[in-house]
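Novice: Could you have a look at this structure, given as C-alpha cells, before my questions?
The values are calculated or read from the model by the stated rules, or taken from the named source; none is laboratory data. On a predicted model such as this, the values are computed, not experimentally measured, just so you know. Neighbour counts run over all protein chains shown; Cβ positions are idealised from the backbone, glycine included.
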Amino acid sequence: MGNNQTTVPADPPNPDVKKMTPPPECPMHAAASQSTQDRTADSHLSRLASVPSECPMSGQGGGQALIPQQPESDINPDNRMPPPNQQPAPDQPFILPTERVVSSIPKAGTEGERWVYPSPQMFWNAMLRKGWRWKEDALSPDDMQNIISIHNANNEQAWEEVLRWEALHARECPCGPKLAKFGGKAKEFSPRARMRSWMGYELPFDRHDWIVDRCGKQVRYIIDYYDGGSVKENFQFTILDVRPAMDSFGAVWDRMKVAYWRWTTSPPKHTSKEELKLSKDFPEERQKV
C-alpha cells in the first residue's frame, strides 16, 4: 500500500491460478505526545529492517539485490518502504501495469483516505530489491497479476479479522478503527507460533505487525500467516491468525474473553450487543487457540 492514489482498477486476473507462495500482506501518525501504549507499539516497529518484507516476499532475500537499496532517510515510516517505483527494471522481459487499486482499509491521520495497494510494476521492483531474479522463476504477466490479487485478498481478509476484534470496542471508538502503520517480521516468530510448533504444527511462513488507531489509541495486532493449500477462486489461500498483541491489560482481557467464547459459545448475560455478535463469529476458529 502507499500514499499515491492512482486508482484505476486492475484487469481481472487469470482464473487459472497455480499454487504458489506469494508475498503476504502489504496490509500502515503518532501525536507529539505519545502514551505508554503508543510507545510500546512503536518500539516493535523500530526493530524492523530498513527495507522490510512487507510487500514482496515473506522470507529474507538471498544474494545481491539488482536494484540499489534506498537510504534509511528515504524510507516511509508508515509502511517501512521506499518511495513508489513505477519504472520498468533494466532487464524486465515485459511491460507491467502501473495502475493501483484502493483498498477498503481506512488510513489513520486522514479523513476518508484509504490505503492503496502496489501496482504489478511496483511489486516487481520490490521483489528485485529483495534479491529475487525473474529468470529463475520465469514469471509471466498473468502470474504477476495473480500474485497481486492474492496479496490484496490477504490484506482485506486480515482487516476483516481486525474489525472483528475491534467490535469489542465499538462504544469506545464509534467512528471505527484505522490502520496507522505496518511492518513485516518474517523471521521473528510470535510466542503463540512457537508453542504451536512445539505441539507439532507448522510455523507460519510470515508474520506482520499492524498498528491500529482506535480513535487516538494505538493498538498492535500480530498476524501470523499459514499455508492454506491451493489458491481459491477468491485468491485466498492463507490461514490467518490475527489477534491483539498482549501489550496491555486491555488486550490480554480481550483475548481471554474471546478464548472463553471460542470454547463455550455462551457469553455472559451482561455481554454488550457488539460483543454478543462477535462471540457468534469466533467459535468457528477454535483450531487457532
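Novice: On the given criteria, is W198 among the aromatic types (F, W, Y), modelled with pLDDT of 90 or more and over 20 Å from the mean Cα position of the chain (by Cα)? Explain how you work it out, then say what you get.
Specialist: On the way: among the aromatic types (F, W, Y): yes; modelled with pLDDT of 90 or more: yes; over 20 Å from the mean Cα position of the chain (by Cα): yes.
So W198 passes the test.
Novice: Given the conditions (1) farther than 15 Å from R243 by Cβ; (2) crowded, with 24+ Cβ neighbours inside 10 Å; (3) touching a Gly at 6+ places or on another chain (Cβ under 9 Å); (4) of a type outside the set (S, T, N, Q), and given that C215 satisfies all but one, which numbered condition is not satisfied?
Specialist: (2)
Novice: Can you tell me which condition A170 does not meet? The list is (1) farther than 21 Å from V258 by Cβ; (2) more than 16 Å from the chain's Cα centre (by Cα); (3) not polar (S, T, N, Q), and all the others hold.
Specialist: Looking at each condition in turn, A170 falls short on (1).
Novice: Failed condition for L163, given (1) surrounded by fewer than 22 Cβ atoms within 10 Å (Cβ to Cβ); (2) of a type outside the set (S, T, N, Q); (3) over 20 Å from V102 (Cβ atoms), with all others met?
Specialist: Only one criterion in (1) surrounded by fewer than 22 Cβ atoms within 10 Å (Cβ to Cβ); (2) of a type outside the set (S, T, N, Q); (3) over 20 Å from V102 (Cβ atoms) is unmet by L163, namely (3).
Novice: Counting residues that are touching an Asp or Glu at 6+ places or on another chain (Cβ under 7 Å) and within 26 Å of Q92 (Cβ to Cβ), which strands (runs of 3 or more DSSP E) fully inside region 113-214 reach at least 1? Write out each step before concluding.
Specialist: Details: elements: 114-116, 178-184, 206-214.
The strands (runs of 3 or more DSSP E) meeting that bar are 178-184.
Novice: Could you list, in sequence order, all residues of region 151-189 that are small (G, A, S) and closer than 14 Å to D213 by Cβ? Give the steps one after another, and end with the answer.
Specialist: Within region 151-189, the first condition is being small (G, A, S), and the residues that meet it are 153, 158, 167, 170, 176, 180, 183-184, 186.
Passing the criteria: G176, A180.
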